[in-house]
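The values are calculated or read from the model by the stated rules, or taken from the named source; none is laboratory data. Predicted model, so just to flag it, every value in this text is computed and none were measured. Positions of Cβ are backbone-derived with ideal geometry, glycine not excepted, and every protein chain shown enters the neighbour counts.
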Amino acid sequence: MNTTDIFNEFKEKYRKGDFRISKSCSKTIEIQNAHFTCDKDYIIREPNYDYAKREVEWYINQSLNVNDIPGGTPKIWTDCADPDGFINSNYGWCIFSKENGNQFENCLKTLKNDPTSRQGVMLYTRPNMWTDWNKNGRHDFICTYSTHCFLNEKKDGWHLKYIVYMRSNDAVFGFNNDLYWHKWVRDKLALELTDTYKTVICDDVEWNSGSLHVYERHFKFLE
């Protein structure tokens with residue numbers, strides 16, 4: 001499946017009135033166990049590239065405070081943060097920081113040492129997320145579980161397969177920004193692998209989400 005297939009599945013669920021209703025009575029359209037190839041940068045609505053770039057800049061800085069997002073803090077982030085602005089889900093911190101296990105560096109070293117390794121992973125979340133998600137009043141259970149990276153040798157060089165595993169994913173805006181980030185990480189990984197392998201070609205990102213959903217306030221995009 002690709003992004004167009006997923007969009008059509010959402011439209012069909014909307015047409016049928018196939019909604020998931022929460023305890024607060026809000027509606028979503030949800031695809032559970034979604035798997036598809038990211039052949040486009042979006043599923044439903046084109047990305048806001050200006051914001052996506054600013055979010056990546058914040059991730060690279062590894063700040064765990066949403067007040068450090070360049071150009072202003074979106075409401076979605078202030079809603080997740082504690083009263084002082086702290087969250088868990090700075091993805092740059094998750095994969096680049098020593099505190100979270102140097103995930104990017106370990107993945108890079110693994111693939112440099114053995115291009116056939118199945119251990120080229122970056123782990124974003126952690127077992128104590130069960131208590132950290134609402135620490136000091138925040139509401140931030142990290143949405144990305146992990147990424148899994150493979151090198152496959154082909155006639156034109158080594159190909160980098162980059163697979164994303166998500167717990168939960170808003171298909172309208174969240175997916176766009178998350179994909180922009182993951183493509184940035186994929187490209188950085190490929191570039192650093194060229195120190196060892198002459199040619200590294202990036203394949204399309206493969207996406208897996210336990211819950212890929214559209215909120216009721218965004219149903220208008222499916223009409």
Given (1) among the charged types (D, E, K, R); (2) modelled with pLDDT under 95; (3) within 27 Å of LYS11 (Cα to Cα), number of the condition LYS183 does not satisfy: (2)
Among the numbered criteria (1) in contact with a Ser or Thr (Cβ under 8 Å, 6 or more places away or on another chain); (2) in a helix (DSSP H, G or I); (3) within 20 Å of THR144 (Cβ to Cβ), which single criterion is violated by ILE60? (1)
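Rundown of residues vs (1) among the aromatic types (Phe, Trp, Tyr); (2) more than 23 Å from ASP140 (Cα to Cα), yes/no style:
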| site | (1), (2) |
| --- | --- |
| CYS25 | no, no |
| TYR59 | yes, no |
| GLN62 | no, no |
| ASP84 | no, no |
| GLN103 | no, no |
| ASN106 | no, yes |
| LYS109 | no, yes |
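Name the residue that is surrounded by the fewest Cβ atoms within 10 Å (Cβ to Cβ), counting only residues in segment 95-124 that are β-branched (Val, Ile, Thr) and free of Cβ contacts under 8 Å to residues at least 40 places away in the same chain.
First pass over segment 95-124, keeping only residues β-branched (Val, Ile, Thr): 95, 110, 116, 121.
Imposing the further condition that a residue be free of Cβ contacts under 8 Å to residues at least 40 places away in the same chain reduces the set to 110, 116, 121.
Values: THR110: 16, THR116: 9, VAL121: 17.
Result: THR116.
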Can you tell me which residue within segment 47-74, out of those that are among the acidic types (Asp, Glu) and without any contact (Cβ under 8 Å) to a residue 60 or more places away in the chain, is nearest to VAL214 (Cα to Cα)? ASP50
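For segment 21-38, which residues satisfy the criterion of being surrounded by fewer than 12 Cβ atoms within 10 Å (Cβ to Cβ) and either in contact (Cβ under 8 Å) with a residue 60 or more places away in the chain or not in a strand (DSSP E or B) (or both)? Even if it seems obvious, please write down each step before you answer.
Kept after step one, since they are surrounded by fewer than 12 Cβ atoms within 10 Å (Cβ to Cβ), are these residues of segment 21-38: 21-25, 32-33.
Within segment 21-38, SER22, LYS23, SER24, CYS25, GLN32, ASN33 meet the criteria.
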Residues satisfying the stated conditions in segment 12-40, i.e. of a type in the set (A, V, I, L, M) and either under 15 Å from MET166 (Cβ atoms) or over 24 Å from the mean Cα position of the chain (by Cα) (or both): ILE21, ILE31, ALA34
For segment 164-191, how many residues are crowded, with 16+ Cβ neighbours inside 10 Å and closer than 16 Å to LEU108 by Cβ? 6
Going through (1) farther than 24 Å from ALA34 by Cβ; (2) within 17 Å of the chain's Cα centre (by Cα); (3) buried (at least 18 other Cβ atoms within 10 Å of the Cβ) one by one, SER89 fails only at (1)
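Out of curiosity, is ASN134 among the polar types (S, T, N, Q) and either within 12 Å of the chain's Cα centre (by Cα) or surrounded by 18 or more Cβ atoms within 10 Å (Cβ to Cβ) (or both)? Give the steps one after another, and end with the answer.
Numbers: among the polar types (S, T, N, Q): yes; either within 12 Å of the chain's Cα centre (by Cα) or surrounded by 18 or more Cβ atoms within 10 Å (Cβ to Cβ) (or both): no.
For ASN134, the condition - among the polar types (S, T, N, Q) and either within 12 Å of the chain's Cα centre (by Cα) or surrounded by 18 or more Cβ atoms within 10 Å (Cβ to Cβ) (or both) - is not met.
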Quickly run through segment 77-94 and pick out the residues that are in contact (Cβ under 8 Å) with a residue 40 or more places away in the chain and assigned to a helix (DSSP H, G or I). ASP79, CYS80, TYR91, CYS94
